[in-house]
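Colleague: Before anything else, here's the structure in question.
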Amino acid sequence: MLNSSSAIPVYVDSCDPVGDNREGSLRSVEAGNMAWRGCFLRWTKGDILISTTRGNRSPLGYQQRCGFRKALKKTEAKKEGVEDVGLKQLVKPLVFTVGFTGCSFGTAAIWQYESLKWRVQSYVDETRAEWLGKLHPQTQDDDQKQNEDDTVYWHRWWNRLSDFQKQAIAILFQVNQWWDNLTQGQRTVSGIIAVNALVFCCWRIPSLQRTMIKYFTSDPASKALCFPMILSTFSHYSLLHMGANMYVLWSFSSSIVSLLGPEQFMAVYMSAGVISTLVSYVSKTATGRLGPSLGASGAIMAVLAAVCTKMPEAKLGIIFLPMLTFSAGNALKAIIAMDTAGLVFGWRIFDHAAHLGGALFGVWYIAYGHKLIWKNREPLVKMWHDLRTKGPGGGGAL
C-alpha cells in the first residue's frame with residue numbers, strides 16, 4: 001500500500017498597520033491600532049485556513065477519494081453548524097442525485113441519437129457523391145491535371161511557411177496520427193483526463209484555494225452540498241492520486257466503452273461519481289466522521305465493477321508485479337470485502353463508503369440497471385425525434 005501526503009499552504013490575509021510614520025500624527029496611530037484590532041478579530045474568527053490532504057491507494061492501485069481534513073477554529077465550526085449535521089440535510093443531495101442521474105442518461109440517449117443521425121447523413125452524402133461521380137465521370141487526363149494543380153498549390157504554400165510554422169505543423173501531424181491510433185474508449189476518456197489535469201493545476205493557484213476547497217471537495221458539513229458532488233469527481237490535489245486514478249481509467253477504457261458505448265459510458269461514469277458521493281455523505285453523517293473528500297475513485301470503481309461483473313473470467317494483474325494474475329471476479333470480491341471491512345471497523349485510510357457506493361452501482365447497473373434505464377429510453381428518443389423533425393431545419397425521419 002502506498003501512502004502519500006501533502007499540505008495545502010496556509011494563506012493569511014495581510015494586515016499591515018496603517019499609518020504615516022513620517023508625519024507621526026495621532027490620526028495615523030489610531031488608524032494603525034484599528035487595523036491591528038481588525039486583524040486580531042479576523043484571526044479569532046478562523047480567517048486562517050489550514051487544510052491537509054492524504055492520498056492513499058488500494059493494493060491494486062485504485063486510489064480512494066482521499067481524506068481531506070480541515071483544521072478549523074471551534075468558533076468557525078459552530079458558525080458552520082458542523083455539530084448539527086443530520087440525515088435531514090441529505091434530502092437535498094438525494095434529490096440532486098436522482099435528478100442528475102436522470103439528466104445524465106437522458107442526455108446520453110439524445111447524444112446517441114444525434115451521433116447516429118450524423119453517421120447516417122454522412123453515409124448518404126458519400127453515397128450520393130459517388131453516384132454523381134459515376135453519372136459524370138472525369139477522364140483520366142482531367143484527374144491527372146487536377147492532381148498536378150493540387151501538388152503545385154500545396155508545394156507553394158509549404159514554401160511560404162516559416163521554420164517554426166513547419167515544425168508546428170509536423171507536431172500537429174504526429175498528434176493527429178497518435179489520436180487516430182487510439183481506441184474509441186481511449187478517445188472517450190481523454191476528455192475526462194484533460195479535465196482532471198486542469199482541475200489539478202487549479203489547486204496550485206493560491207488565489208483559488210478557498211474556492212477549490214468549497215466546491216471541489218465533498219463534505220456533508222459544508223454549505224455547498226450539491227455541486228461538489230460532481231466537481232469533486234474531477235478533483236485531485238496529489239499528483240500520485242490523480243496519476244493512479246487516471247491510469248486505471250485509461251486501462252479499462254477500451255473494455256467499458258466497447259461494452260456500453262461512449263454515450264452510455266459517460267452517463268454511467270457521471271452518475272456513479274454523484275451516487276458514490278451521496279453514499280459517502282450518508283456514511284459520514286451516520287457515523288459522525290465528518291470531513292471533505294475528493295477524487296475520481298468512486299466513479300472509477302463503478303467502471304471496474306462493471307467490467308469485472310460482465311467479464312469475471314478476465315485476467316488482471318498488478319503493474320509492478322506482472323507475475324501475479326487473478327480473475328476479474330476475484331479482484332472485485334476482494335476489493336468489496338476490503339472496503340466493507342474498512343467501513344465496519346471505521347478505518348480512516350480510505351473513503352470506503354464512496355468505494356462501495358461506486359462498486360455496487362457498477363454491479364447493479366450491469367445486472368439490472370441497463371435493462372431498467374437504457375433499454376427504456378425509446379419514449380425520450382422518440383419525443384426528441386419529433387421535436388427535431390418538426391422544428392426549423394429538422395429534416396426527415398432517421
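Colleague: If each residue's Cβ is checked for other Cβ atoms within 10 Å, how do 189, 268 rank with the fewest at the top? The partial results should precede the final answer.
Modeller: On the way: 189 26, 268 29.
So the ranking, lowest neighbour count to highest, is 189, 268.
Colleague: So what J values fall out for region 218-228 if you push phi through Karplus, 6.51 cos²θ - 1.76 cosθ + 1.60 with θ = phi - 60°, rounded to Hz, Gly and Pro as x?
Modeller: So the J values, rounded to whole Hz, are 9, 8, x, 8, 7, 5, 8, 10, 8, 4, x.
Colleague: How big is D, in µm² s⁻¹, for region 236-377 by Stokes-Einstein at 10 °C and 1.306 mPa s if Rh is the Kirkwood radius over C-alpha pairs? Let's see the in-between values first.
Modeller: Working: Rh = 15.6 Å.
Translational diffusion coefficient: 102 µm²/s.
Colleague: For a label point 7 Å from the Cα of residue 107 along Cα→C-beta, name the residues of region 199-234 whose backbone N is under 15 Å from it.
Modeller: 227-234
Colleague: What FRET efficiency, computed as 1/(1 + (r/R0)^6) with R0 = 45 Å and r the Cβ-Cβ distance, is obtained for residue 289 and residue 163, rounded to the nearest 0.05? Show your work: numbers first, answer last.
Modeller: On the way: r = 60 Å, r/R0 = 1.34.
Calculated value: 0.15.
Colleague: A further question follows. What ranking of 104, 190 emerges when the number of other C-beta atoms within 10 Å of each C-beta is taken as an exposure proxy, fewest first? Don't jump to the answer; show the numbers that get you there.
Modeller: Working: 104 22, 190 14.
So the ranking, lowest neighbour count to highest, is 190, 104.
Colleague: Right, next: Order of 272-282, 161-171 by packing, highest average Cβ count within 10 Å first? Kindly include the intermediate steps, with their values, before the conclusion.
Modeller: Values: 272-282: 27.2, 161-171: 10.3.
With the highest mean Cβ count within 10 Å placed first, the list reads 272-282, 161-171.
Colleague: Hey, another quick one. State the Cα centre-to-centre distance between region 334-364 and region 153-226 in whole Å.
Modeller: Here the two parts' Cα centres lie 32 Å apart.
Colleague: Another one. How would region 156-253 be classified by its alpha-carbon gyration tensor: rounded, prolate or oblate, with rounded meaning a/c under 1.5 and the a/b versus b/c comparison settling the rest? Show your work: numbers first, answer last.
Modeller: Working: a/c = 3.45, a/b = 1.97, b/c = 1.75.
In terms of gyration-tensor shape, prolate.
Colleague: Using a 10 Å cut-off around each Cβ, can you sort 271, 255, 327 from fewest to most neighbouring Cβ atoms? All intermediate terms of the calculation are to be shown ahead of the outcome.
Modeller: Numbers: 271 25, 255 20, 327 15.
By the 10 Å Cβ count, ascending, the order reads 327, 255, 271.
Colleague: Could you tell me whether region 190-242 comes out rounded, prolate or oblate from its Cα gyration tensor? Rule is a ≥ b ≥ c as square roots of the eigenvalues, rounded for a/c under 1.5, then prolate if a/b exceeds b/c, otherwise oblate. Kindly include the intermediate steps, with their values, before the conclusion.
Modeller: On the way: a/c = 2.07, a/b = 1.39, b/c = 1.49.
Oblate.
Colleague: So, one more: Could you sort out which of 223/333; 117/382; 310/371; 88/333 sit more than 25 Å apart by Cα distance in this structure?
Modeller: Working: 223/333 36 Å; 117/382 13 Å; 310/371 14 Å; 88/333 33 Å.
From 223/333; 117/382; 310/371; 88/333, over 25 Å: 223/333; 88/333.
Colleague: What size of dipole, in debye to the nearest 20, comes out for region 145-240 about its Cα centre when the only charges are +1 on Lys and Arg C-beta atoms and -1 on Asp and Glu C-beta atoms? Numbers along the way, then the final one.
Modeller: On the way: 9 positive and 6 negative charges, 89 e Å.
For region 145-240, the charge dipole is close to 420 debye.
Taken together, the values in this text are just the output of simple stated rules run on the coordinates, not laboratory data. Everything numeric here is computed off the predicted structure, so don't read it as measured data. No Cβ is skipped: glycine too gets one built from the backbone with ideal geometry, and neighbour counts run over all protein chains shown.
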